[in-house]
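See below for the structure under consideration.
Derivation of every value follows stated rules applied to the coordinates shown; laboratory data play no part. Please read all numbers here as calculations on a predicted model, not as lab measurements. Cβ: placed from backbone, ideal geometry, glycine included. Neighbour counts: every protein chain shown.
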Amino acid sequence: MSSMQLDDIIDQMAMAIGADCGLGGTLKFDFGEAGSVLIDGVSKPNTVSNGAGKSASCMIDVSLEDFEQMVEGKLDGTNAFMMGKLKVAGDMTLAMKIGPILEKARR
């Protein structure tokens, strides 16, 4: 799954979260120049969209490469955070809920 495109990530995450992922908030993955993805766990049904220009209650800064490794199960989110590969701003409890969603996103 090398060099994922933003649309692929949005589609994959949308399938993983379904109508209600239990997130209960908004979470944005910011991949820097590659763009961003917003998971809206408040709207019913939940939605995943391009995060450009949108705010969220939790922001996760991570490179696209590290995100791919997380989705593939090769990089644990907690380890990525401890190594400084992943930065969280805002509601940390939302960031803690992303693990099971990433597991569902695995192909």
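Normalised by 2.2 N^0.38 Å, where N is the number of residues, the C-alpha radius of gyration of the chain stands at 0.94. The length gained on full extension between T93 and F81, counted as 0.36 nm times the residue separation minus their Cα-Cα distance, comes to 2.9 nm.
Normalised by the number of residues in the chain, the average gap of Cα pairs under 8 Å and 6 or more apart makes the relative contact order 28 percent.
Calculated from DSSP H runs of 4 or more alone, at -39500 (n - 2.57) each and per residue, what is the 222 nm mean residue ellipticity of the chain, nearest 500? After summing the helix terms and dividing by the residues of the chain, the value is -9500 deg cm²/dmol. The ranking of S49, S57, S36 from fewest to most other beta carbons within 10 Å of each one's beta carbon is S49, S57, S36.
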